[in-house]
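J.: Just passing along the structure, written as C-alpha cells.
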Amino acid sequence: MMIGVVIMLAESERLKRAPGFSEIREIALLSEALGFDSIWLYDHLLYEDKKGRRVGIWECWSILSALAAFTRRVELGTLVACNSFRNPALQAKMAHTVNEISAGRLVLGVGAGWDATPARWPLPTWSAWLTRICWAGNKRRNAAI
C-alpha cells in the first residue's frame, strides 16, 4: 500500500491567507522525511472553501516544479489536471517538464474538473489521447516535447 499527502494551496480560514512557498516546501520535505510515498496538489483556478466561498489558490504546476527540485523520493501528482483549463499540448509539455525535473516521479491525474463552470467550457476530447502519446513508453523518457 502507498500513502500520500495532499498539500492545500488555497487560502485557509485558520491562516487567513494561502500558505507561502516556504511553508509548502517544509510540509513537503517533512512528508518525505516521515516516509509518505506521494504528495498531491489540487489544480484549480479558484477554490471553494467549506462555507462555499471562492478563495484564491496557488497555481499547482509552478509549485509542483519547485517541489520536484526540492524533494528526492516522493511521487508528485495533480488532483486532477482539468482538461478544460489548458491547451492539451501545453498541458502535456508542462507535465513532461515536471517529470524531467522530478526524475520521473510525476503522476499525472487528468480529468474533467470539479466545478460546473469549467464543465461548461469546451472539453478537448483529444487531450487524453495527446497526453498518452506524449507519455508513451518508458516513464523516464527524456525526449523534449
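Just so it is clear, none of the values below were taken in a lab; they were calculated from the coordinates. For clarity, every value in this text was computed on a predicted model and none was experimentally measured. Every residue, glycine as well, gets a Cβ built from its backbone with ideal geometry; the counts of neighbours run over all protein chains shown.
J.: What does the charge add up to near MET2, with Lys and Arg as +1, Asp and Glu as -1, over the other residues with Cβ less than 13 Å from its Cβ?
T.: 0
J.: Let me ask another. Please give, to one decimal in nm, the separation of the simple spin-label points placed at ALA66 and VAL5, each 7 Å out from Cα toward the Cβ.
T.: Placing both labels 7 Å beyond Cα along the Cβ direction yields 1.6 nm.
J.: Which of MET94, MET8 comes first, and how do the rest follow, when ranked by fewest Cβ neighbours within 10 Å? Mind showing how you got there, number by number?
T.: Working: MET94 20, MET8 16.
Going from least to most buried by this count: MET8, MET94.
J.: Also: Just grab the label-to-label distance for ARG73 and GLU23, each label 7 Å out from Cα along the Cβ direction, in nm (one decimal).
T.: 2.7 nm
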